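Have a look at the structure below, then the notes.
The values are calculated or read from the model by the stated rules, or taken from the named source; none is laboratory data. Just so you know, these numbers come straight off a predicted model, no measurement behind them. Cβ placement follows ideal geometry from the backbone for every residue including glycine, while neighbour counts extend to all protein chains displayed. Ligands, DNA and RNA are excluded from the accessible area calculation, which covers all protein heavy atoms including side chains. Shrake-Rupley method; radii C 1.70, N 1.55, O 1.52, S 1.80 Å.
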Amino acid sequence: MPSRHRLLCTAAVVSVLLASTATAFDENDWPWWRGPNRTGIAADQQLPVEWDEETNVHWKVTVPGRGHSSPTIVGNQIFLTTADEEKQTQSVLALDRATGRLLWQTELNRGGFAEKIHSKNTHATPTVACDGKTLYVVFPNHERLQLAALSLSGKKLWEVNAGPFHPKKYEFGYAPSPLLHGENVIVASEFEQGYIAAFSRRDGSEVWRIPRTDNTSFSSPVVAHIAGRDQMLISCADYVSSFDPRSGKLLWKVKGTSKATCGTIVWDGDIVYASGGYPETQTIAIRADGSGDVLWSNRENSYEQSMIASGGYLYTVNDRGIAFCWDGLTGEEKWKHRLGGPVSASPVLAGDLIYATNEKGTTFVFRANPEEFDLVAENQLGDETFATPTICGGRIYMRVASSAGGERVETLYCLDEK
C-alpha cells in the first residue's frame, strides 16, 4: 500500500474510533456497518483474489431465513440478522468465527410485518452494531422501529419502540443500520413521520430526537471527526446535512443529491462525498467546515451503494454496474468501466484492491488505481448477493443466496487464501 494511502487509512480509523466509542477494535474485527472506520476501508492484509464454490473456501454454512445485513464480527463470533417471512419472525444469529457453527439464535419479534416492501429489500436489512460488549439491532415491525440490545450470549437486555415506521407514499421497507457514538445508539427513520433519534446504550432511554418529516430515504447516518469536531452526516431530502451527534443540533446543510438516497456518506480529509438518488441524480463533494463550499458535482449517481474515498480519489460502482474513479478535489473523471450489473452491495477496499459484488453474485476485484482500470479477478458465488462483504482478519465473509435447486437458500461463506 502506498504510504500516503496507509497514513490516511490509519488517521481515519483512529479519529472515528475516538468519535464513536471508547472500545478499541483492530483489523481482526468488523463491528458495524462499513467496518471500524465506517468508510468501507479494511486493513491491508493477505486476502484471496480468486474463489468459487470450493476454491479458497475456509467454511460455508446455511443461513436460515432471508436478510441483507452484512456480517458483524467481534472476537470469536459473527452476528447476522435474519427474517422468516412465512412465520413473520425476526432474529439475531451468532456463529462461531472459526467454523461457522451456529452458537445461538434469539428471536426478537413475531408478526407485524409490513404488507409491502421493495422486492430488493428484506425484513432484516440493517447490520448489527457491536461495542465489544453489547449488540444493538433495529427491526421494522408493527408499524414501528424496534430497537433492542443483546448480550454477546444472545440475552435480550432491553428493547424500546424507537418511533413509528409506516410509510404510505413509498412502501419500500426499512434499511438504515444503527450508529454508535459515545454512550448512545442512533437510528434514522426517513418517511412521512420521519426522525433521527438517539438512545442510551445503557437502558434505551431517549436522549434526543430530530424531526425529519416528508422524507423517503434509506441512508444510514455516519459519524466522522472532520474540521475539528465530531459530525453526524446524512444525505436525503435534497440536502447533505451535518448534526452534532451529542445533541442532534444542526451544524450545517448544503443543497445536494436528491430526495431519496441509500448510500452512507464518505469523507477524505475535510471533504465529504454523497451520491443519490431519486428522482434526481448527483454525486457531490462538499467541504465540511460549515462554509457551504461545494467543490464539484456531476450527474452520476450511486443510489443503492456507498462509495469509497481514499488517497485523494473517489471510487464507486453504480446501480448499473459501472465503476468510476474521480479526483476527490476537482471531480475530474479518471476512468470509468462497465463491470456488469445490477449492483446493490457496497464495495470494500483492502490494501490497494476493491471488492465489488453485483446482484447476481459476481465479485469483481480491481485495483484502487486512479491511472487506469485494472481488473484483477472475477469470481462467482451463488446467484444473488445484496449484502456488502465483510473483510477482516485475513478473511472475506460473503452472504449470498442461490436458487439453483429450485428453492432459495442463503449461505455465509468464509474465504481465505489457501
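Worth pointing out:
- Residue in segment 249-262 that is surrounded by 17 or more Cβ atoms within 10 Å (Cβ to Cβ), among the polar types (S, T, N, Q) and either in contact with a Lys or Arg (Cβ under 7 Å, 6 or more places away or on another chain) or assigned to a strand (DSSP E or B) (or both) present: no
- Hey, residue 302 in contact with a Cys (Cβ under 9 Å, 6 or more places away or on another chain) and buried (at least 18 other Cβ atoms within 10 Å of the Cβ) or not: yes
- Residue match in segment 269-280 (condition: of a type outside the set (A, V, I, L, M, F, W, C) and touching a His at 6+ places or on another chain (Cβ under 7 Å)): no
- Counting only strands (runs of 3 or more DSSP E) that fall entirely inside segment 66-164 and contain at least 2 residues that are farther than 19 Å from residue 25 by Cβ, the qualifying elements are 77-84, 89-96, 102-110, 134-141, 144-151, 156-164.
- Among residues of segment 258-279 that are under 18 Å from residue 326 (Cβ atoms) and modelled with pLDDT of 95 or more, those with a beta-carbon under 9 Å from a residue that is surrounded by fewer than 24 Cβ atoms within 10 Å (Cβ to Cβ) and among the aromatic types (Phe, Trp, Tyr) at least six positions away or on a different chain give the pairs 263/303; 268/313; 275/303.
- Per-region count, segment 265-275, residues open to solvent by 20 Å² or more (accessible area, probe 1.4 Å) and either in contact with a Lys or Arg (Cβ under 8 Å, 6 or more places away or on another chain) or over 16 Å from residue 222 (Cα atoms) (or both): 1
- Search result, residues across segment 276-294 that are more than 18 Å from residue 236 (Cβ to Cβ) and either surrounded by 15 or more Cβ atoms within 10 Å (Cβ to Cβ) or of a type in the set (Asp, Glu) (or both): 287, 289, 293
- Any pair with Cβ under 7 angstrom, 6 or more apart, that starts in segment 197-219 at a residue that is under 19 Å from residue 127 (Cα atoms) and open to solvent by less than 30 Å² (accessible area, probe 1.4 Å) and ends at one that is of a type in the set (Val, Ile, Thr) and modelled with pLDDT under 95: 217/261; 219/261
- Meets criteria (within 19 Å of the chain's Cα centre (by Cα), over 25 Å from residue 232 (Cα atoms) and surrounded by fewer than 19 Cβ atoms within 10 Å (Cβ to Cβ)) for residue 118: yes
- A single entry from 377, 387, 404 fulfils the requirement of being surrounded by fewer than 22 Cβ atoms within 10 Å (Cβ to Cβ) and either in contact with a helix residue (DSSP H, G or I) (Cβ under 6 Å, 6 or more places away or on another chain) or outside any strand (DSSP E or B) (or both): 404.
- Any hit, segment 320-340, residues being within 28 Å of residue 79 (Cα to Cα) and assigned to a loop (DSSP other than H, G, I, E, B): no
- Members of segment 359-384 that are touching a Ser or Thr at 6+ places or on another chain (Cβ under 9 Å) and closer than 17 Å to residue 49 by Cβ: 361, 362, 363, 364, 368, 377, 378, 379, 380, 381
- The set of residues from segment 344-363 being open to solvent by less than 10 Å² (accessible area, probe 1.4 Å) and either under 20 Å from residue 266 (Cα atoms) or not polar (S, T, N, Q) (or both) comprises 345, 346, 347, 348, 349, 350, 351, 354, 355, 356, 357, 361.
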